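Undergrad: What follows is a structure written as structure tokens; I'll ask about it next.
The values are calculated or read from the model by the stated rules, or taken from the named source; none is laboratory data. Predicted, not measured: the structure shown is a model, and the values here were computed from it. Methodologically, a virtual Cβ is constructed for each residue, glycine included, from the backbone with ideal geometry; neighbour enumeration extends over all protein chains shown. Protein only, heavy atoms only, side chains kept; ligands, DNA and RNA dropped before computing areas. Shrake-Rupley method; radii C 1.70, N 1.55, O 1.52, S 1.80 Å.
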Amino acid sequence: MKQEQLNIEFEVYDSAEQLNRQDAALLAEARAVTDTAYAPYSHFSVGAAALLNNGEMVKGTNQENSSYPVGICAERSLLASSAVLHPGVGIHTMAVSYHNHNEGTLSNKPISPCGMCRQALLEHELRYKQPIRLILGGQTGKIYIIKQANMLLPLAFSSSQMKENS
Ligand code: THU
């Protein structure tokens, strides 16, 4: 028996003022787009904004449903929009923010994508052969930057494992 370890590294910033101009602008879009979320059940509005390789920006928000599992997260709604509006174009960076309406105060710490979104982000990275850089932050407060989304899914399952001798 031997022990193995998988570590992830990410950058931590105290606030958006410490980000470069492009990253700060993308996070600002993710923060603002939370207003278009449809979250009447959780009251937890999530917004995502991504910069594509062609310089375009796409956004996504969570869209809930009275049949709860039917709802979709902001990250996956963005991935779907991006594939439809800009087919074949990779995602360079995605910023994710949220507004928790259950709290009286501004959402002030980063959230990170749920497990299902991590798997969807990984598929997109493999499909486009390009890492997706993530910027995670609330409406205010600390910000995390993760170099590639697949770092959030160690020992991930992917299509290569369905092939013989993988
Ligand atoms: N949600 C997202 O949209 N993205 C995440 O990264 C975490 C969770 C949504 C799903 C649901 O509509 C609400 O937030 C509460 O879980």
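Undergrad: Taking each pair of different alpha-carbon atoms in the chain once, compute 1/r for the pair, average those values, and report the inverse of that mean as the Kirkwood hydrodynamic radius in Å to one decimal.
TA: Mean inverse Cα-Cα distance, inverted, gives 16.5 Å.
Undergrad: Carbon and sulfur atoms: what percent of the 1.4 Å accessible area of segment 1-138 do they account for?
TA: The computed percentage sits at 52.
Undergrad: Same structure again: Counting other Cβ atoms within 10 Å, which trypsin sites (Lys or Arg not before Pro) in segment 1-95 have at most 12 and lie in a DSSP loop?
TA: Of the trypsin sites (Lys or Arg not before Pro), the ones in loops of segment 1-95 whose Cβ has at most 12 other Cβ atoms within 10 Å are K2.
Undergrad: What lysines does K142 reach when the alpha-carbon gap must be under 25 Å and sequence neighbours fewer than 8 apart in one chain are set aside?
TA: Result set, ordered by chain and number: K59, K109.
Undergrad: Using unit Cβ charges (K, R positive; D, E negative) and no other charged atoms, how large, in debye to the nearest 20, is the dipole of the chain about its Cα centre?
TA: It comes to approximately 260 debye.
Undergrad: Quick one: accessible area per residue over segment 10-87, 1.4 Å probe, rounded to a whole number of Å²? Each step should come with its number before you reach the end.
TA: Working: 4110 Å² over 78 residues.
Per residue, segment 10-87 has an accessible area of 53 Å².
Undergrad: Sticking with this one: So how far apart, in nm, are the two label points at S160 and N53 if each is 7 Å from Cα heading toward Cβ?
TA: Between S160 and N53, the simple spin-label model gives 1.9 nm.
Undergrad: May I ask you to list the GluC sites (Glu not before Pro) in segment 93-126 that are in a DSSP loop and have at most 14 other Cβ atoms within 10 Å of their Cβ? Mind dumping the intermediate values first?
TA: Numbers: sites: E103, E123, E125; in loops: E103.
Here the GluC sites (Glu not before Pro) that fit, given the DSSP loop and packing criteria, are E103.
Undergrad: Take every Cα-Cα distance within segment 31-101, group them into 5 Å bins from 0 onward, and report for each bin the whole-number percent of pairs it holds.
TA: 4, 19, 29, 21, 15, 9, 4, 0
Undergrad: Counting other Cβ atoms within 10 Å of each Cβ, which GluC sites (Glu not before Pro) in segment 17-96 have at most 13 and sit in a DSSP loop?
TA: E56
Undergrad: Here's another thing I want to ask about it. Counting DSSP beta bridges in segment 1-152, what percent are antiparallel, to the nearest 5? Walk me through the numbers on the way to the answer.
TA: Values: 22 of 27 bridges.
Roughly 80 percent of the DSSP beta bridges within segment 1-152 come out antiparallel.
Undergrad: Picking from N7, M57, C114, whose Cα lies most toward the positive end of the charge dipole for the chain (charges on Cβ: Lys, Arg +1; Asp, Glu -1)?
TA: My answer, from the dipole projection, is N7.
Undergrad: I would also like to ask the following. What FRET efficiency comes out for S67 versus K142 if R0 is 45 angstrom and r is the Cβ-Cβ distance? Round to the nearest 0.05.
TA: In this case the efficiency is close to 0.80.
Undergrad: Under 17 Å Cα to Cα from K129, which lysines show up? Leave out anything in the same chain fewer than 8 places away.
TA: Reachable lysines: K147.
Undergrad: Which FRET efficiency value, to the nearest 0.05, do you get for D35 and R127 by plugging their Cβ-Cβ distance into 1/(1 + (r/R0)^6) with R0 = 35 Å?
TA: Once the sixth-power term is evaluated, E becomes 0.70.
Undergrad: Quick one: Debye curve from the C-alpha atoms of segment 1-46, no solvent, what's log10 I(q)/I(0) at q = 0.15, 0.17, 0.20 Å⁻¹?
TA: Reported log10 I(q)/I(0), two decimals: -0.63, -0.71, -0.80.
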